[in-house]
Protein chains: 2
Amino acid sequence: MSNDARTPSERVSTWLAGFGAALERADIAAAVAMFDDDSYWRDLVTFTWNITTLEGKPAIQAMLDTTLGEVRPNSWALTGEATGSGELSEGWFSFETAVARGKGQIRLKGDRCWTLLTTMTELKGFEEPRGATRPRGVEHGAFQDRKNWQQRKDQAEAELGYITQPYCVIIGGGQGGIAMGARLKRLGVPTIIVEKNERPGDSWRKRYKSLCLHDPVWYDHLPYLPFPDHWPVFAPKDKIGDWLEMYTKVMELNYWGSSEAKSAQYDEATGEWNVVVERGGETVVLRPKQLVLATGMSGIANVPQFPGAERFQGTQHHSSQHPGGEAFHGKRCVVIGSNNSAHDICADLWEHGADVTMVQRTSTHIARSDSLMDLALGGLYSEQAVANGITTDTADMIFASIPYKIMHEFQIPIYKQMAERDAEFYERLAAAGFMLDWGEDGSGLFMKYLRRGSGYYIDVGASELIIEGKVKLKSGVGVAAITAHGVRLSDGSELPADLIVYATGYGSMNGWAARLISQEVADKVGKCWGLGSNTTKDPGPWEGEQRNMWKPTHQEALWFHGGNLHQSRHYSQFLSLQLKARMEGIPTPVYGMGEVCHLG
Amino acid sequence: MSNDARTPSERVSTWLAGFGAALERADIAAAVAMFDDDSYWRDLVTFTWNITTLEGKPAIQAMLDTTLGEVRPNSWALTGEATGSGELSEGWFSFETAVARGKGQIRLKGDRCWTLLTTMTELKGFEEPRGATRPRGVEHGAFQDRKNWQQRKDQAEAELGYITQPYCVIIGGGQGGIAMGARLKRLGVPTIIVEKNERPGDSWRKRYKSLCLHDPVWYDHLPYLPFPDHWPVFAPKDKIGDWLEMYTKVMELNYWGSSEAKSAQYDEATGEWNVVVERGGETVVLRPKQLVLATGMSGIANVPQFPGAERFQGTQHHSSQHPGGEAFHGKRCVVIGSNNSAHDICADLWEHGADVTMVQRTSTHIARSDSLMDLALGGLYSEQAVANGITTDTADMIFASIPYKIMHEFQIPIYKQMAERDAEFYERLAAAGFMLDWGEDGSGLFMKYLRRGSGYYIDVGASELIIEGKVKLKSGVGVAAITAHGVRLSDGSELPADLIVYATGYGSMNGWAARLISQEVADKVGKCWGLGSNTTKDPGPWEGEQRNMWKPTHQEALWFHGGNLHQSRHYSQFLSLQLKARMEGIPTPVYGMGEVCHLG
């Protein structure tokens, strides 16, 4: 069937030409026939004004039936050389729609498409001014009573939110809100970022003393202004905080620090939100057309109600309220939980001379930071990748091109490798009593992250403390009750405690919507995050994309942004384009809004 | 003589191989024979531990006779493809010495070298940690009583200058001092930047309201962290100020704002400077091994003593003290001078509603900003250049490869083009009485800049005011006297004035040395800047390089850094390597220290 003498570039070019022609003449059947039975088309905005994966030909057909007439795709062209071996070919391509330009990635098996990724890069007529179209800056010439850049900036900042209204308000000024703000700034979308901490970066500064990024630098760049090439592999929290503060300044973001959003109500009649913000003791009501919650992919803290907690005479708090270990030298500390926060807090307490016990109720997936960096990320995000010509955007696009449905298949071998590479480490950890897992299907950390946002620890040192017994461990037990002086476990033993930390996770991000907007709206949009994989904390049915993230929700004009630094960077592009299109009155018919199946 | 069938790459490779072999066997005569009679070898540090241009074969021979044995150059290799047409070939190459790695550029006429540029890129064993050798950041693991990054940084900052001494002190925290600081930071040279203004960038913020960069963005990048691609072509002063402030912070420079260097004395016995600094009301004595004056290429203000100045009843000050036009609405202002500062100040005064007269005593070269950008810079520093693959460093290297001796020949055609392109503009300006020039040999703005640092104006709007008579002009006159109420000109006319601004230039940078160190040391090092071109304000004899800039001076351990953003960026590389070599005890035998021919 496939002509093996053709080069990968020829195969991909031929496919694109045929596909483009079929779409041009609205021959959907012919276009769909060009896909393999086992096929996936992931579209970021261009066809569906959504973030969707169509799995298999019927789904692809249904999407084209609905969208093709409006989208008017055209100009499909291979960019660069395609690669491949045997029956597999893959390549990059550019294309256009009626209103946008896009790029994508395609994998062919023989002559048929296995995976197709289409992404929007820019809206025609609303391109970000950059390079040759960058602003001139100050106009040369002489003008009386001119206001210079600083004066115009100060005036605009003073007026925005008071005399003029932003088009968009972002609640949450961490890296997610900041990345979104930068994208929207360049697109000319007036935006205010509302952050309860005082300075950009404080959400990092206020963390435990020893915290550093767990992801390596090549994974972490913000949009437009990458870290310089002497930046450390794992940046310390304060260094990241300083970068975020600087970035916010030079990107000229409208960042309201020390400002807390108290409530938000959507007015359907005016198509506006009323967002009540407390800012420096004043109450300000913002009236944006769009509201983005960028409060982090962790929702409201999940504090289980253990019997007797109210009688505990020591200090107890959720991990999100933990101030760091300085006050606990010599104190007996019990940390309930065994995932990332629990490990970080145990290590931090031990470093401050506390007596620490971790209570592990269920198994945890552990991946050592260096192994994760080398084995899981290295192909795409590393010095070697950079040397191989894989830019950050290319890496993001490659990652985006792998359908979630089959992503675990790509991950399982990596974790097999990791298990071998670090076999001795895992043996010692298991020997200390730690309950290890590799994800329900052996697919490891990223799948756990994508499915449930938790259930793992990227080991940066705490595991060794557990191995050596410096952090004590009670595993395979639950909490029966909290006593006046400690924790009674399900095996009957008691742990005396001066401090109990509930490292017991977070609810879904829509918990913020419940708190800020209403339970009704929170229920209307439903659970955020997760793929519907029918694994722990990610119940089915299968969604195929992250619930509610970076795309339209069932609440008009409400959006969720978040994720790790990679996702904040990449998906801010697509969310910002969706908002810009709406601001400019470009029709955005959304295809593929799923039903809400879970409330949280 | 030359085999025309060979490609440029073959010619250059052959030349490099022969040259390298001759040097390897210390056959200096053979090496020198490979140069054309009309030849130039510009060395930035690698052979001469200096910034030198050897002009012609005898000079090249003399340099090799002295330096070859110690330098031990080797591994000369073409990088990339050479280019050429007819008898000309040019290409890039890498090479090494005993202690360093370098790169360079060569132009051949036939088989002989016309121009050779050798530059040092790094010292072996002391490479900047970057890319694959970047620091890891926080060490994973758990350590009791650890100090984290912020704590170590705070401690180091608190101690430097008090408990520990910096290796280098830089006086002046504008873009020059900041660029130097960044280079030295990455090289691990403990450095303090002493700046009298409070915040980095203040030297820009405090300028006239309408000021923006006169050079376009591609010319202006700082080392290591280029402006993002939406940065305006001509950045407003406050925006540059904010960038400098951010850069100083994220590059982790030890920047002492609100600190003024009062005096500096060199102790030959200890090989240290004693630098007395007033910092926040305290006196601190710094004891660095090296002292860099980065106070800007303008030296001490030059205020001519006009007869009667003491009786003037209005406000009078040098342009460097001019606060901006806000206070002068409706006032009669006389600006003595017709170069850059004079034009900026006249335009700023007019914008604030003042009655302004410029007194032009001698001719001025005018180049319109857009024409300069397109015609003079465009080939190297522009969006088109970027699209053509010319990186900032490549552009800097190309510029550096043109010998000063013949640079005017490259410039003259550009300014002929400019005269044609803007013919109407120049006619109108001349018709208004303005005395125009194109440099003494028609070589225009850059040569004037390199020779005397003044005598021109990059027109960003003031010329139109003069053309239209909005700024009045008295040209071809001198100042006879200052009266109680104004200025009496040499033609007998009087200009009543509430404000007199002496836009009368600056002395040589060694004036700062006189003020800070001693007149003796200022005389020992002599005049800074200029090429010895025997043109106005740049008396002979011919130096061939900028006097005293970025290279050893006749005062041990005293250095001058400065120039425009391009020079600050590029030459900070070579100055920082010279300092690092000294810090590491690498022998740095300096070749080609000229005699001091002018004191200022």
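Any read-out appearing in this document is the output of simple, stated calculations on the displayed coordinates, not a laboratory observation. Note that the structure is a prediction, hence the values are computed from the model and not measured. Here the Cβ is made from the backbone with ideal geometry for all residues, glycine too, and neighbour counts use every protein chain on show.
What is the sum of charges, Lys and Arg at +1 and Asp and Glu at -1, for the other residues whose Cβ falls under 14 Å from the Cβ of A:E24? Value of the local net charge: 0.
When Rg and the Kirkwood radius Rh are both evaluated on Cα atoms of segment A:472-518, their ratio Rg/Rh stands at 1.18. Taking the number of Cβ atoms within 10 Å of each Cβ as an exposure proxy, the fewest-first ranking of B:L54, A:L473 is A:L473, B:L54.
With the simple model of a label 7 Å out from the Cα in the direction of the Cβ, A:T133 to B:A17 spans 5.0 nm.
A straight Cα-to-Cα reach below 17 Å connects A:K551 with the lysines A:K289, A:K524, A:K527, A:K580, residues fewer than 8 places away in its own chain not being considered. Estimated from the Cβ-Cβ distance and a Förster radius of 30 angstrom, the FRET efficiency linking A:Q305 and A:Q519 is about 0.95. Between copies, the label points of B:G540, set 7 Å from Cα on the Cα→Cβ line, lie 9.3 nm apart, reported in increasing order to one decimal in nanometres.
Across segment B:476-489, rounded Karplus estimates of 3J(HN,Hα) from the backbone phi angles (6.51 cos²θ - 1.76 cosθ + 1.60, θ = phi - 60°) give x, 10, x, 9, 7, 6, 9, 9, 5, 10, x, 10, 9, 8 Hz, Gly and Pro being marked x. With 0.36 nm allotted per residue and the present C-alpha distance subtracted, the B:T79-B:H329 stretch has 84.0 nm of extension available.
Here A:H561, B:H352 are placed in order of increasing Cβ neighbour count within 10 Å, fewest first, which gives B:H352, A:H561. Take B:P58, move 7 Å from Cα toward the beta carbon, and the resulting point lies 9.4 nm from the same point in each other copy, nearest first. Would you list which aspartates and glutamates come within 12 Å of B:K537, measuring only between C-alpha atoms, while excluding same-chain residues fewer than 8 positions from it? Qualifying aspartates and glutamates at Cα under 12 Å: B:E440. By the gyration tensor of its Cα atoms, with a ≥ b ≥ c the square roots of the eigenvalues, what is the shape of segment A:409-487: rounded for a/c under 1.5, prolate for a/b over b/c, or oblate? Taking the square roots of the gyration eigenvalues as a ≥ b ≥ c, segment A:409-487 is oblate. When the Cα atoms of chain A are aligned to their principal axes, the ranges along those axes come out at 75, 71, 48 Å in descending order. Two decimals is fine: what is log10 I(q)/I(0) at q = 0.20, 0.22 Å⁻¹ for segment B:446-529, from a Debye sum with one equal scatterer on every Cα and no solvent? After summing over all Cα pairs, the log10 values are -1.02, -1.06. What the phi angles of segment A:220-235 give under the Karplus curve with 6.51, -1.76 and 1.60, with θ = phi - 60°, is a coupling list of 9, 4, 7, x, 6, 9, x, 4, x, 6, 9, 4, x, 4, 10, 6 Hz, glycine and proline written as x. In chain A, the beta carbon lying closest to the axis that superposes A onto B belongs to the residue given here with its whole-angstrom distance, A:M246, 2. With R₀ fixed at 41 Å, the C-beta to C-beta distance from A:I406 to A:A26 puts the FRET efficiency at about 0.85. Annotation for segment A:199-305: GluC sites (Glu not before Pro) lying in DSSP loop with at most 14 further Cβ atoms inside 10 Å of their Cβ are A:E268.
The sum of -39500 (n - 2.57) across all DSSP H runs of n ≥ 4, divided by the residue count of chain A, sets its helix-only mean residue ellipticity at 222 nm to -9000 deg cm²/dmol.
Position B:T283: other-copy label points at 5.9 nm, ordered by increasing distance, label point 7 Å along Cα→C-beta. In segment B:46-178, Cα pairs under 8 Å separated by at least six residues give a relative contact order of 13 percent. Count neighbours as other Cβ atoms within 10 Å of each site's Cβ, and list the chymotrypsin sites (Phe, Trp or Tyr not before Pro) in segment A:133-227 that are DSSP loop with at most 16 such neighbours. Listed in order of number, the matching sites are A:F143, A:Y162. Take every Cα pair under 8 Å in segment B:383-538 that's 6+ residues apart, average their separations, divide by the length, and report that relative contact order as a whole percent. Computed over segment B:383-538, the figure is 18 percent.
Relative to the longest principal axis of chain A, what angle (0 to 90°, nearest 10) does the C-alpha long axis of helix A:237-250 take? Computed tilt is about 40 degrees. Derived value for the protein assembly as shown: Kirkwood hydrodynamic radius 33.9 Å. Basis is the mean of 1/r over every pair of different alpha-carbon atoms. Whole-Hz Karplus values for segment B:296-306 come out as x, 6, 7, x, 6, 4, 9, 10, x, 8, 7 Hz, taken residue by residue from phi with 6.51 cos²θ - 1.76 cosθ + 1.60 and θ = phi - 60°; glycine and proline positions read x. Helix B:340-351 versus the longest principal axis of chain B: what is the Cα-based angle in degrees, 0 to 90, to the nearest 10? Long axis of B:340-351 versus the principal axis of chain B: about 40 degrees.
Averaged over peptide A:174-182, the number of partner chain Cβ atoms lying within 10 Å of each residue's Cβ comes to 0.
Here B:K249 and A:E260 are evaluated by their C-beta separation; at R0 = 22 Å the FRET efficiency comes out at 0.25. The mean count of C-beta atoms from other chains within 10 Å of the C-beta of residues in B:471-484, rounded to a whole number, is 0. Here B:V460, B:V590, A:V356 are placed in order of increasing Cβ neighbour count within 10 Å, fewest first, which gives B:V590, B:V460, A:V356.
Under 24 Å between alpha carbons, and skipping anything fewer than 8 positions from B:K209 in its own chain: which lysines qualify? Reachable lysines: A:K147, A:K153, A:K249, B:K196, B:K237, B:K239, B:K331, B:K470, B:K472. Structural descriptor for chain A: relative contact order 16 percent, calculated from alpha carbon pairs under 8 angstrom and at least 6 residues apart.
Restricting segment B:416-513 to GluC sites (Glu not before Pro) that sit in a DSSP loop and have at most 11 other Cβ atoms within 10 Å of their own Cβ leaves B:E468.
The label-point distance for B:S94 and B:D38, in a model that sets each label 7 Å from Cα toward Cβ, rounds to 3.4 nm.
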